[in-house]
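Engineer: I have a structure I would like to understand better, so I am pasting it below and will then ask my questions one at a time.
The values are calculated or read from the model by the stated rules, or taken from the named source; none is laboratory data. From a predicted model like this one, the values you see are computed outputs, not experimental measurements. Heavy atoms of the whole protein, side chains included, go into the accessibility calculation; ligands, DNA and RNA do not. Shrake-Rupley method; radii C 1.70, N 1.55, O 1.52, S 1.80 Å.
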Amino acid sequence: MLCNEEMRKGILSRLKGYRYQHSLGVERAAVWLAGKYGGDPEKAAVAGILHDITKHLSPQEQLNLCEKYGIIPCTVEKSEPKMLHGKTAAAIAREEYGMPEDVCTAIACHTTGRHGMTLLDKILYLADYIEETRDFPGVEKARELAKVDIDRALLYCYDQTLTELVARGKLIHSDTIAAYNDMIRQGVRWRDE
Ligand SMILES: [Fe+2]
Ligand SMILES: [Fe+2]
């Protein structure tokens, strides 16, 4: 067993306010997606409750954890250390909770995506986007696509995220571009053509 009831309680006790509800929502959505697309529901669940375990930390605390766990931030991450919360959460999942590498990888790339997303990576990324407490323009479309095709849903999320970042004049992580290109190269499209 990856995570017993006691460990689950311990993890949840570290999550406060909205993040607690959000993480439970991600857990549920991830289990649903795992069931739908042939993923491992146990790994999906634990990735869900751990994915934002370090999100409350300050930029400096993110950088301190990077130092501690040998994570080398890229230039974009140095400018936006909050982006590192996936990687620092993955380090906590590995070091404090002994999670297997595929769970840690999914947690590490849940903020940015990456080239060569595994099924578990996709499940967590999408669950984070569509879980039940999410309420933003476009989330319904993502939920609709998630019911029929995980890759189309994922590409839709990348598309929305990139568009939003550009519109707000924000930095774009190179892994997000790589994730988007990977889907496009594979011939994935989310629009009905
Ligand atoms: Fe996150
Ligand atoms: Fe999240």
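Engineer: Computed over the Cα atoms of region 1-62, what is the ratio Rg over Rh, Rh following Kirkwood?
Structural biologist: 1.02
Engineer: While we're looking at this one, here's another question. Probe radius 1.4 Å, ligands and nucleic acids ignored: give me the carbon and sulfur share of the accessible area of region 5-135 as a rounded percent.
Structural biologist: So the carbon and sulfur contribution to the accessible surface is 53 percent.
Engineer: Using alpha carbon coordinates only, what is the Rg to Rh ratio of region 5-135, with Rh defined as the Kirkwood radius?
Structural biologist: 0.95
Engineer: Quick one: 3J(HN,Hα) in Hz for region 76-89, Karplus 6.51/-1.76/1.60 with θ = phi - 60°, rounded, Gly and Pro as x.
Structural biologist: Here the 3J(HN,Hα) series is 5, 5, 5, 6, 10, x, 4, 4, 7, 4, x, 5, 6, 5 Hz.
Engineer: When the convex hull of the Cα atoms of region 60-193 is projected onto a plane and the area is averaged over all directions, what value comes out in nm²?
Structural biologist: Convex hull of Cα atoms, orientation-averaged projection: 8.9 nm².
Engineer: With contacts defined as alpha carbon pairs under 8 Å and 6 or more residues apart, what's the relative contact order of the chain in percent?
Structural biologist: 20
Engineer: What Kirkwood Rh does region 98-176 have if only Cα atoms enter the pairwise 1/r average? Answer in Å.
Structural biologist: After inverting the mean inverse Cα-Cα distance, the result is 13.1 Å.
Engineer: Relative to the present Cα-Cα distance, how much length would full extension add between Lys36 and Glu67 at 0.36 nm per residue of separation?
Structural biologist: In short, 7.3 nm is gained.
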